[in-house]
Each structure stands twice: as C-alpha cells, then as structure tokens.
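S.K.: Starting off with a structure, shown below.
Quick note: the coordinates plus some simple rules give every number you see, no bench work behind them. Keep in mind that what you see is a predicted model, and the values were worked out from it rather than measured. Backbone-built Cβ (ideal geometry, glycine too); neighbour counts: all protein chains shown.
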Amino acid sequence: MAITLPPLPYADTALEPSISATTLQTHHGKHHKAYVDKTNAAVDGTDLADASLEEIIAAAEAKGDKGLFNNSAQSWNHAFYWNSLTPEKTAPDGEIASAIDAAYGSLAKLEAELASQGAAHFASGWVWLVAKDGKLAVEQTHDAATFANSDSKPLLVIDLWEHAYYLDHKNLRPDYLKAVIEKHLNWDFAAENLARESNWTYPA
C-alpha cells in the first residue's frame, strides 16, 4: 500500500494573496510530493511496504533511519499543515474556545504567542498548537520533527520552512505568520482534533 499525496483541501488560488498559487503549486506539487515519493521508494519491498505513514515514522525513528524519518515525517507534517489552513476566516468556539481562554486568557494572546514563537524559531521547522496534559500549548519542532505519534495531540501547525513563504514574503517570515494567523487558521480542524480520542492520521 503506497503512501499517497493527498490533494489540497482547497483550490491553489484560495489562500491568495497571503499564500500564492505559485507557492502552493510548488510546495504541494513538488516539495510534499518529493517527500511522499522518497518515502515510498524507501519502504518498497520491505516489511513497511504496507504500513501506515504513522507506523513508518515510528519505525524509522526507532531504527535511527534519518532519511526515512525525514521524508515520512515531512509527508505527515505537510498534510497536517494543508488542513490547518482554510480560505475562509474561522473562529474558535465551544470546547476549544474555552481551552484557549484557560491556557492563554484570550485568542489574541494565543495568536501573539504563535506569531512570536514562529518568528523567533531559528532555521527550518514548525510551530504547533497542541493539547498537552489537558492544556493547550504552543510548541516548536525543528526540521522534520513531528507530533504524529506524540502523547501531545496536535491541533494546528504552521510551516516555518522558507519554501512555505519565500516566493510571497521573501525573508519577512513575520508577515507570512501574521497573514496566516489572522486570516487562514482552520479553527474547525483544530476543534475536531481536540475532540478526537487519538491523534489525526494521514489519509490512506
């Protein structure tokens, strides 16, 4: 069972001008696809050939196979990222709104924390909103590190690799973060993830 490249959950023009169609076409159709293709090539003919992506990530990490881990984890992170974004501005309500207020006092303060940690992150990586020990937290991971198999439950993620924003915002990562956080975070997806009994899984 090969790992597939899931389609974008919206048109490639849907996030403009925050994220251009050119960026999405390159990011999804080339970068994400390359991670998926390299993962499939690495597991073809092995005991992981029919494994889920989460199982591949766990096995690669356990074996210390950095190449397979990087490609499989990046495949997972990117699919989670596409779903973390939405063309239509959404707002948290219900359980997740209460959790935000409990952890940060307000949505504005959480948004400021996401922007601050995302801007301060050195080099490539990701900034996440997770549910950890019953409380929301903003966390950073470097390179391909992922929350796919974590005890912490990932709710949303923002890609901090330069290929996510450089064509549109050049070296101004804070501008990209501001646009994404204020206009495109998918709070409906975050609420679904908070309500799940286990972590989100990559589409088969």
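S.K.: Given the C-alpha centroids of the range 68-98 and the range 111-169, what is the distance between them in whole angstrom?
M.R.: 10
S.K.: Separation between the Ala204 and Ala112 pseudo-spin-labels, each 7 Å from Cα along Cα→Cβ, expressed in nm?
M.R.: Using points 7 Å along Cα→Cβ, the separation is 4.6 nm.
S.K.: Mind checking Rg over Rh on the range 90-182, alpha carbons, Kirkwood formula for Rh?
M.R.: Dividing the radius of gyration by the Kirkwood radius yields 0.97.
S.K.: Which value, in debye to the nearest 20, gives the size of the charge dipole of the range 161-204 about its Cα centre, when Lys and Arg are +1 and Asp and Glu are -1 at the Cβ? Mind dumping the intermediate values first?
M.R.: Working: 5 positive and 7 negative charges, 31 e Å.
In total the dipole reaches around 140 debye.
S.K.: Using DSSP to call loops (not H, G, I, E or B), can you name the chymotrypsin sites (Phe, Trp or Tyr not before Pro) in the range 118-204 whose Cβ has at most 12 other Cβ atoms within 10 angstrom? Working shown, then result.
M.R.: On the way: sites: Phe122, Trp126, Trp128, Phe147, Trp161, Tyr165, Tyr166, Tyr176, Trp187, Phe189, Trp200; in loops: Phe122, Phe147, Trp161, Tyr165, Trp200.
Listed in order of number, the matching sites are Phe122.
S.K.: Label points 7 Å out from Cα along the Cβ direction at Thr13 and Ala41: separation in nm?
M.R.: 3.4
S.K.: On to the next question. Could you tell me the number of lysine pairs in the chain with C-alpha atoms less than 20 Å from each other, where the two lysines are 8 or more residues apart or belong to different chains?
M.R.: Lysine pairs, 8 or more places apart or on different chains, close enough: 16.
S.K.: If you take the beta carbon distance between Asp101 and Ala49 as r and set R0 to 30 Å, what does 1/(1 + (r/R0)^6) give as a FRET efficiency, to the nearest 0.05?
M.R.: Working: r = 46 Å, r/R0 = 1.54.
Once rounded, the FRET efficiency stands at 0.05.
S.K.: Continuing with the same structure: Local charge sum around His31 (other residues, Cβ-Cβ under 14 Å, Lys/Arg +1, Asp/Glu -1)? Intermediate results must be reported in sequence, preceding the final value.
M.R.: Details: positive: Lys30, Lys33, Lys38; negative: Asp12, Asp37, Asp143, Asp159, Glu162.
Every neighbour counted, the sum reads -2.
S.K.: Taking the convex hull of the Cα atoms, report for the range 157-204 its projected area averaged over all directions, in nm².
M.R.: Numbers: hull surface 17.9 nm².
Dividing the Cα hull surface by four gives the mean projection, 4.5 nm².
S.K.: Still on this structure, please answer the following. Mind checking the dipole of the chain: about its Cα centre, +1 per Lys or Arg Cβ, -1 per Asp or Glu Cβ, Debye to the nearest 20? Intermediate values should be presented prior to the final figure.
M.R.: Values: 15 positive and 28 negative charges, 93 e Å.
The dipole of the chain has a size of about 440 debye.
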